[in-house]
Amino acid sequence: MVKVGVKCPFCEQAESVKKHGMGTTGHQRYRCQSCCRTFQLDYAYHACQPGMKEKIVYLAMNNAGIRDTARALHISINTVVRTLKNARRDV
Ligand SMILES: [Zn+2]
């Protein structure tokens, strides 16, 4: 049992996370044995992180503005605009 000291972003368990090979972009992937999901810490694109869409929508809806939202989340303005367009379509 190799402890990696990584917390699962889905169930927040740190005890049951093990290494799970490399992702397509060469990042270390991890697997949580508690909820059986895989994830990686260093996503190639910040916008691909779980919950990022919700964060973008939340910030934009709370008058943070597209520019401030992009800066706060370290993503591009284009990503914010695209995400908001898609989110509106979902509603
Ligand atoms: Zn988990």
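Here are a few things to note about the model shown:
- Reachable lysines from Lys85, criterion Cα separation under 19 angstrom, eight or more residues apart if same chain: Lys53, Lys55
- Sequence-distant residues sharing a close amide H with His20 (under 5 Å, placed H): Arg29, Tyr30, Arg31
- For Arg37, the amide hydrogen comes within under 5 Å of the amide hydrogens of Cys32, counting only partners 5 or more places away or on other chains and with H modelled in the peptide plane.
No value in this document is a laboratory result; all are computed from the given coordinates. As the structure is a prediction and not an experimental result, all values here were calculated from the model.
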